[in-house]
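The values are calculated or read from the model by the stated rules, or taken from the named source; none is laboratory data. Just so it is clear, the structure is predicted and the values come from calculations on it, not from any experiment. Here the Cβ positions follow ideal geometry from the backbone for every residue, glycine too, while neighbour counts run over all protein chains shown.
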Amino acid sequence: MTELVIMLSKLADSNGNILIPGINGLVDDVTPDEIAQYEGIDFDMDEFRNTIVSEAAIYGTAKDTLTHRWRYPSITIHGINGADPSPNQTTAICPKVTGKFSIRMVPTMEGKAVKALVVHYLEQKFKKLGSKNTCEVKQFGESAPYWVGNTEDSNFAAGRAATNRVYSTKPDLTREGGSIGATLDIQNALGHDKSIMLLPVGRSDDGAHGPDEKLDRDNYIKGKKLLVAYWWYFANA
């Protein structure tokens with residue numbers, strides 16, 4: 001258990017930066033135009049802290065928070081299997097433990113390259129411990145590729161125009177929606193020369209995928225108007 005905790009502590013620093021060499025080299029360089037987009041997004045840090053019910057936001061500005069949520073890779077430690085999960089006092093020694101973590105991939109990271117870097121790094125770190133135990137690094141399931149759309153085409157132009165028409169506000173371009181795996185399936189089926197866009201109709205507090213997921217009546221009504229407006233602008237592009 002002690003060695004596993006040591007190994008997990010080597011994955012990232014206290015600022016969320018991944019410590020695995022070579023990972024950042026797989027990521028697209030940020031451009032001035034991209035930074036300008038982040039700086040113009042309507043994102044309030046106080047509201048963000050209230051949403052996560054914590055003051056523990058790593059970054060203090062909206063731009064830094066958004067870039068590290070959306071365009072830089074991040075690592076999450078999910079738990080340890082084999083440890084005693086009870087709150088009771090125990091003297092048991094775990095014969096075998098498994099640590100689980102994931103890396104959120106962004107353009108232009110590829111799963112095979114990430115896996116190779118992770119396995120090599122952890123094997124080298126474990127070797128330096130001089131442990132008499134054994135360590136196996138393996139991937140559970142297949143890695144999900146990143147997806148990003150071309151925001152400059154007529155599809156996105158129609159989406160922006162429709163949003164402005166219905167909500168009377170300029171829409172923000174985001175990099176959320178990573179859990180919607182069907183997006184990439186549709187892109188692969190239609191071909192990468194076809195434009196795919198995620199056009200939301202809900203609110204940030206809808207609790208997507210949660211037990212109390214909702215859709216406000218106002219968003220339901222305006223959502224229908226949004227889709228109608230989108231089709232009109234797209235047809236007349």
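Could you list all residues from region 127-167 that are within 26 Å of the chain's Cα centre (by Cα) and of a type in the set (Val, Ile, Thr)? Residues satisfying the conditions are 137, 148, 151, 163. Here residue 104 fulfils each of the conditions (1) touching a Lys or Arg at 6+ places or on another chain (Cβ under 8 Å); (2) in contact (Cβ under 8 Å) with a residue 24 or more places away in the chain; (3) surrounded by 14 or more Cβ atoms within 10 Å (Cβ to Cβ) apart from (1).
The rows are residues; the columns are (1) surrounded by fewer than 12 Cβ atoms within 10 Å (Cβ to Cβ); (2) assigned to a helix (DSSP H, G or I); (3) among the small types (Gly, Ala, Ser).
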| position | (1), (2), (3) |
| --- | --- |
| 197 | no, no, no |
| 201 | no, no, no |
| 205 | yes, no, no |
| 210 | yes, no, yes |
| 213 | yes, no, no |
| 222 | no, yes, no |
| 237 | yes, no, yes |
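Within the span defined as region 61-73, one or more residues are over 18 Å from the mean Cα position of the chain (by Cα), of a type in the set (Val, Ile, Thr), in a loop (DSSP other than H, G, I, E, B) and modelled with pLDDT of 85 or more.
Looking across region 20-39 at every residue that is assigned to a loop (DSSP other than H, G, I, E, B) and free of Cβ contacts under 8 Å to residues at least 24 places away in the same chain, the one that is farthest from the chain's Cα centre (by Cα) is identified as 31. Each residue in region 3-59 was checked for being within 30 Å of residue 91 (Cβ to Cβ) and exposed (fewer than 10 other Cβ atoms within 10 Å of the Cβ), and 0 of them qualify.
Within region 121-145, residues that are free of Cβ contacts under 8 Å to residues at least 12 places away in the same chain reach partners that are part of a loop (DSSP other than H, G, I, E, B) with beta carbons closer than 9 Å, at six or more positions or on different chains, in the pairs 127/135. The set of residues from region 94-137 being in a strand (DSSP E or B) and under 15 Å from residue 19 (Cα atoms) comprises 101, 102, 103, 104. Scan region 168-182 and tell me whether some residue there is under 20 Å from the mean Cα position of the chain (by Cα), part of a helix (DSSP H, G or I) and at negative phi. The answer is yes; a qualifying residue exists.
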